[in-house]
Amino acid sequence: AAALLSQADAAAGSAGCDAVQETPNYANTKGDDPAIDHTHIGTPPVTSPPALSTYPTIPPASGPHDPSPLPAGVYDSPPDVYRTIHSLEHGAVIIWYSPDATGKQLDDLIAFYTQPAADPDIGQAKIIIAPYDYPDQGAAGQLPAGVQMAVVAWHRLQTCTAVSLPVAFGFSSQYEVPGYAGQPYKGVAREPNGAM
């Protein structure tokens, strides 16, 4: 884990990653913590799941979500995207990958986060790894063109043109609760100690 962390900055360049961005509130609502950004679907004014195109980023990094968070784990098929948003609110990190991503980097990523927890802080507790593929949602249901991996925390997003374990771990070590080896939490999850 420590070696991966030391490689994260260099790997971001070779994996074609942008800088970690702070994402806007849902519907560009003003304020630090507007109610619409964390409304449970089924609660007025959000009575049904909004189209993914209404979220300010692809993939979503906050906004109306399912009342139940998605448990941590590796998902072979796309999970309920609205449950993943709730997990973000509870201090999770989601590592989304393109459904056409294959190869050693993806295999290494999955193997790292599913290894037996000799070091309990590497991130299995609140990590979700899954393909981002929601064809019924149009362009918002696919990662942007050229993006093979997107790492997401509540109001934080980084995209890459290649899957990269060092980049994913560099992100999760700072934005997941708890972070790796006692690193300070840099995230802004509304309920960072919430269960998943």
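The values are calculated or read from the model by the stated rules, or taken from the named source; none is laboratory data. Just so it is clear, the model here is predicted, and its values are computed rather than measured. Because the Cβ atoms are built from the backbone with ideal geometry, glycine has one as well, and the counts that use them run over all protein chains shown. For accessibility, only protein heavy atoms count, side chains too; no ligands or nucleic acids. Shrake-Rupley method; radii C 1.70, N 1.55, O 1.52, S 1.80 Å.
Within segment 90-101, residues that are more than 19 Å from Gly194 (Cβ to Cβ) sit with their Cβ atoms under 6 Å from residues that are modelled with pLDDT of 95 or more and in a loop (DSSP other than H, G, I, E, B), at 6+ positions apart or across chains, in these pairs: Trp96/Pro59; Trp96/Tyr132; Tyr97/Val163; Ser98/Leu143; Ser98/Gln148; Ala101/Gln148; Ala101/Val163.
Check whether at least one residue in segment 151-159 is farther than 16 Å from Asp108 by Cα, out of contact with any Cys (no Cβ under 8 Å at 6 or more places or on another chain), assigned to a helix (DSSP H, G or I) and not acidic (Asp, Glu), and report yes or no. The answer is no; no qualifying residue exists. Consider segment 27-65 and keep the residues that are touching a Phe, Trp or Tyr at 6+ places or on another chain (Cβ under 8 Å) and among the small types (Gly, Ala, Ser). The one that is nearest to Pro144 (Cα to Cα) is Ala61.
Against the definition (over 23 Å from Ser172 (Cβ atoms), in contact with a Ser or Thr (Cβ under 8 Å, 6 or more places away or on another chain) and surrounded by fewer than 14 Cβ atoms within 10 Å (Cβ to Cβ)), how does Pro45 come out, yes or no? Against the criterion (over 23 Å from Ser172 (Cβ atoms), in contact with a Ser or Thr (Cβ under 8 Å, 6 or more places away or on another chain) and surrounded by fewer than 14 Cβ atoms within 10 Å (Cβ to Cβ)), Pro45 qualifies.
Determine if segment 64-80 includes at least one residue that is open to solvent by less than 20 Å² (accessible area, probe 1.4 Å), in contact (Cβ under 8 Å) with a residue 12 or more places away in the chain and out of contact with any strand residue (DSSP E or B) (no Cβ under 8 Å at 6 or more places or on another chain). Scanning segment 64-80 turns up no residue that is open to solvent by less than 20 Å² (accessible area, probe 1.4 Å), in contact (Cβ under 8 Å) with a residue 12 or more places away in the chain and out of contact with any strand residue (DSSP E or B) (no Cβ under 8 Å at 6 or more places or on another chain).
If a residue must be buried (at least 16 other Cβ atoms within 10 Å of the Cβ) and assigned to a loop (DSSP other than H, G, I, E, B), how many such residues does segment 171-184 contain? Full working, then the answer.
Initial filter on segment 171-184 (buried (at least 16 other Cβ atoms within 10 Å of the Cβ)): 171-180.
Those left that are additionally assigned to a loop (DSSP other than H, G, I, E, B): 176-179.
Qualifying residue count for the region: 4.
Taking the conditions exactly as written (under 12 Å from the mean Cα position of the chain (by Cα), surrounded by 19 or more Cβ atoms within 10 Å (Cβ to Cβ), in contact (Cβ under 8 Å) with a residue 60 or more places away in the chain and in a helix (DSSP H, G or I)), does Ala168 satisfy them or not? Spelling it out, Ala168 is indeed under 12 Å from the mean Cα position of the chain (by Cα), surrounded by 19 or more Cβ atoms within 10 Å (Cβ to Cβ), in contact (Cβ under 8 Å) with a residue 60 or more places away in the chain and in a helix (DSSP H, G or I).
Listed here are the residues, each with its yes/no results for (1) modelled with pLDDT under 95; (2) over 15 Å from the mean Cα position of the chain (by Cα); (3) closer than 20 Å to Gln142 by Cα.
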position	(1), (2), (3)
Glu22	no, no, no
Gly31	yes, yes, no
Thr43	yes, yes, no
Tyr55	no, no, yes
Pro60	no, no, yes
Tyr75	no, no, yes
Val81	no, no, yes
